[in-house]
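Written below as structure tokens is the structure these notes are about.
The values are calculated or read from the model by the stated rules, or taken from the named source; none is laboratory data. Note that the structure is a prediction, hence the values are computed from the model and not measured. In this analysis, Cβ positions are derived from the backbone assuming ideal geometry, glycine residues included, and neighbour counts consider all displayed protein chains. To get the accessible areas, we keep the full protein, side chains included, count just its heavy atoms, and leave off ligands, DNA and RNA. Shrake-Rupley method; radii C 1.70, N 1.55, O 1.52, S 1.80 Å.
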Amino acid sequence: MGWLKLGNWSEIGQKAPGEHHGDLKTATEHIETVSIDDSGRADYPPVDISLPDSQLPFISPEAIMKRKSKEDGGLFIVVDKVVYDCTQFIKEHPGGEQIIKSFGGAECSWQFWRFHGLEELAEFGKPLRVGRTEGLSNKFKEPSKYVGLRRLGADEW
């Protein structure tokens, strides 16, 4: 709910219909509901959660790379060639907004899998899917998962 200013009638030398001097409501109208979609998803709406990843609509890498913030039309990230619109989710992300913002418009599969599992992807990711893509590569080289070649506890080289 809120108030919408319709204009200042006295500045143009006219009297507003039903105007009473000193009444704040003379140049305003009460609005109960306003339907404005500010999700940034107009051209890439979320898909049904039952749709398999292979049937998601294709989004070009160029279009994804432009989606780095809400102001750019949405914040998209890519995990395993699936495109997720995280524009609204960043406010709910337990790790904070900055980590997702830093991967806006980019591929971040190995970083995602280091901190999340299939359960998180199913619960939070499915509703955020907007498409699939090919050709994006991660801007960071994945570090080795293992250190050394000997078994743990071996005392000799």
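Each peptide in 128-138, 78-88 receives the mean, over its residues, of other Cβ atoms within 10 Å, and ordering these scores from highest gives 78-88, 128-138.
Rounded to the nearest 10 square angstrom, Glu142 shows an accessible area of 80 square angstrom against a 1.4 Å probe.
Taking R0 as 22 Å, what's the FRET efficiency between Phe124 and Lys81 from their Cβ-Cβ distance, rounded to 0.05? Show your work: numbers first, answer last.
Values: r = 18 Å, r/R0 = 0.82.
My answer for the efficiency is 0.75.
For the range 90-96, putting each phi into the Karplus relation 6.51 cos²θ - 1.76 cosθ + 1.60 with θ = phi - 60° gives couplings of 4, 5, 9, 4, x, x, x Hz, in residue order, rounded to whole numbers and with x for Gly and Pro. Full extension of the chain between Lys145 and Ile49 yields a length gain of 31.4 nm, computed as 0.36 nm times the residue separation minus the alpha carbon distance.
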